[in-house]
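Undergrad: Attaching a single structure in structure tokens format; questions to follow.
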Amino acid sequence: MEELYKAVDKEIKLEAREEAKEILRLTTDWHRNDFLEYHKKDQGNICCLVLDRAKQYLVMEGKMTLNKDDHFGHPLFIEDDV
């Protein structure tokens with residue numbers, strides 16, 4: 001998790017970091033690996049999309065709630081199954 005948290009500190013703006021870390025703590029290894037992969041490729045915007053998608057799944061599973069002021073979970077393009 002330490003590597004993930006360091007990546008969050010680099011890729012995510014200060015006011016969104018705690019939410020990002022909570023998402024990464026609760027999500028699957030698949031989403032965590034995707035986040036790190038895009039971080040290593042210096043694709044911070046894609047890191048944010050990974051967090052959006054991961055949060056959507058966490059909300060569907062009842063592990064997190066989605067509030068209008070949240071930084072993640074509101075992607076521009078939402079699939080019908082979410």
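Undergrad: For the Cα atoms of the chain, what angle does the longest principal axis make with the long axis of helix 44-60, in degrees from 0 to 90, nearest 10?
TA: Once rounded, the angle reads 40 degrees.
Undergrad: Continuing with this model, one more query. With the contact rule set at Cα under 8 Å and sequence spacing of 6 or more, what percent relative contact order holds for the chain?
TA: Once normalised by length, the contact order is 28 percent.
Undergrad: Another question, then. If I fit a long axis through the Cα atoms of helix 2-11 and take the longest principal axis of the Cα atoms of the chain, what angle between them do I get, 0 to 90°, rounded to 10?
TA: Relative to the chain, helix 2-11 is tipped by roughly 80 degrees.
Undergrad: Principal axis extents for the chain, Cα atoms only, whole Å, descending order, please.
TA: For the chain, the Cα extents along the three principal axes come out at 30, 22, 22 Å.
Undergrad: Mind sorting GLU3, GLU15 by how few other Cβ atoms lie within 10 Å of their own Cβ, fewest first? Provide the component values of the computation, followed by the final result.
TA: On the way: GLU3 11, GLU15 8.
Least crowded to most crowded, the residues run GLU15, GLU3.
Undergrad: Still on this model: Calculate the FRET efficiency for ASP70 and LEU36 from the Cβ-Cβ distance with a Förster distance of 25 Å, rounded to the nearest 0.05.
TA: 0.70
Undergrad: For the pairs LYS21/LYS41; LYS10/LYS63; LYS6/LYS63; LYS10/LYS68; LYS41/LYS63, note any where the Cα-Cα span goes beyond 22 Å.
TA: LYS10/LYS63; LYS6/LYS63; LYS10/LYS68; LYS41/LYS63
Undergrad: If you rank LYS6, LYS68, LYS55 by fewest surrounding Cβ atoms within 10 Å, what's the result? List each step's numbers first, then the result.
TA: Values: LYS6 11, LYS68 5, LYS55 27.
Ascending number of Cβ neighbours within 10 Å: LYS68, LYS6, LYS55.
Since every read-out is calculated from the coordinates, none of them should be taken as a lab result. This is a predicted model, so every value here is computed, not measured. Reconstructed Cβ throughout: ideal geometry from the backbone, glycine too, with neighbour counts over all protein chains shown.
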